[in-house]
């Protein structure tokens, strides 16, 4: 199965500090998963654990941004920041507002939507300190509280793989985009060193060490993790060793915090069907974490890190444009002939059927055996009239 959907707590340590562990955070999967996701991120706004100082202060934002753009040097260029002036930009999942501030400074008409009040509060406070204007809405990415065609750019970095129905969230992205709009979205990459080696092998072996005091000391010395975080991991493995080592749970517990309730990963192949409505989908793999290679990772030359990131990186960036039909109709300003309308409608229905088949096959784990519909062999209706 190309997509991994996990429904239990997790933890990802990238650089430096970890999110604060909240005692009793873990909620049984029988409770609404979306509420678990909301509760976790309400207590741990994205990247807040990398900042120094009191949350909401200039020092907090400065140290957070210094870390973020040192670790992700290509992030702003992926957005195309210089092209956002005057655009209506929606960010899904604003975190602590790092890109939000830069988009607003670049002249974008910025709107944030986030599942949590915590992220919205931190981003609004950042805007207040900087004297910037923006719109801030609490909402669910699977049901965006905006009208159709409301935005020229939708940006979401590392958010949509944490919602239960990523496909629905991407359909919502398409719905709120203008006919000539584009989206820039990052999802966790399945075909990465982090997933295939670090999580599948190294973290599972490390989990065995966490079961003893001596093992805890060894892990802390090698990985330089906090005693609080490793202690929580040790608690979880002692509660149910077999469940802890299941791949879905390893993924969760090792991405963004020991009690993170949900993370998903996507390969290029499994991600593309989610964007079936879009005219173009360009992918780029990036982000290499030196901590994945204890000791060696710290001495790798930058050129080698870049090569590793482009092939085995943890982030799958997807940059899209809306469909040919929407873009053409919007830019030509002419009325479509009846044949074109019917043909476009049939084409849309066929794409929907294809999407449904692909979605069902992904759920059943048989995506590779699903034969795609060859639209080139279907005669357009207008050529038959």
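The values are calculated or read from the model by the stated rules, or taken from the named source; none is laboratory data. Just so you know, these numbers come straight off a predicted model, no measurement behind them. Cβ placement follows ideal geometry from the backbone for every residue including glycine, while neighbour counts extend to all protein chains displayed.
Can residue 37 be described as in contact with a helix residue (DSSP H, G or I) (Cβ under 7 Å, 6 or more places away or on another chain), in a helix (DSSP H, G or I) and either over 18 Å from residue 232 (Cα atoms) or modelled with pLDDT of 95 or more (or both)? Here the answer is yes, as residue 37 does meet what is asked. I'd like to know if region 257-279 contains one or more residues that are modelled with pLDDT under 90 and either in the same structural domain as residue 181 (by TED's automatic domain parsing) or not in a strand (DSSP E or B) (or both). Looking through region 257-279, at least one residue is modelled with pLDDT under 90 and either in the same structural domain as residue 181 (by TED's automatic domain parsing) or not in a strand (DSSP E or B) (or both).
Selection of region 270-284 for residues being in contact (Cβ under 8 Å) with a residue 60 or more places away in the chain and either closer than 17 Å to residue 168 by Cα or out of contact with any strand residue (DSSP E or B) (no Cβ under 6 Å at 6 or more places or on another chain) (or both) yields 270, 271, 273, 274, 275, 276, 277, 278. When region 175-201 is limited to residues that are surrounded by fewer than 17 Cβ atoms within 10 Å (Cβ to Cβ) and not in a strand (DSSP E or B), the one that is farthest from the chain's Cα centre (by Cα) turns out to be 201.
How many residues, within region 69-83, are over 21 Å from the mean Cα position of the chain (by Cα) and either within 12 Å of residue 184 (Cβ to Cβ) or in a loop (DSSP other than H, G, I, E, B) (or both)?
So in region 69-83, the residues over 21 Å from the mean Cα position of the chain (by Cα) come out as 82-83.
Now narrow it down to the ones that are either within 12 Å of residue 184 (Cβ to Cβ) or in a loop (DSSP other than H, G, I, E, B) (or both): 83.
Qualifying residue count, region 69-83: 1.
Across region 93-127, which residue is farthest from the chain's Cα centre (by Cα) among those that are surrounded by fewer than 20 Cβ atoms within 10 Å (Cβ to Cβ) and more than 21 Å from residue 68 (Cα to Cα)? Once the filter is applied, the top-ranked residue is 107.
Condition check ((1) out of contact with any strand residue (DSSP E or B) (no Cβ under 8 Å at 6 or more places or on another chain); (2) closer than 23 Å to residue 262 by Cα; (3) surrounded by fewer than 14 Cβ atoms within 10 Å (Cβ to Cβ)) across all residues:
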position	(1), (2), (3)
56	yes, no, no
59	yes, no, yes
68	yes, yes, no
80	no, no, no
87	no, no, no
91	no, yes, no
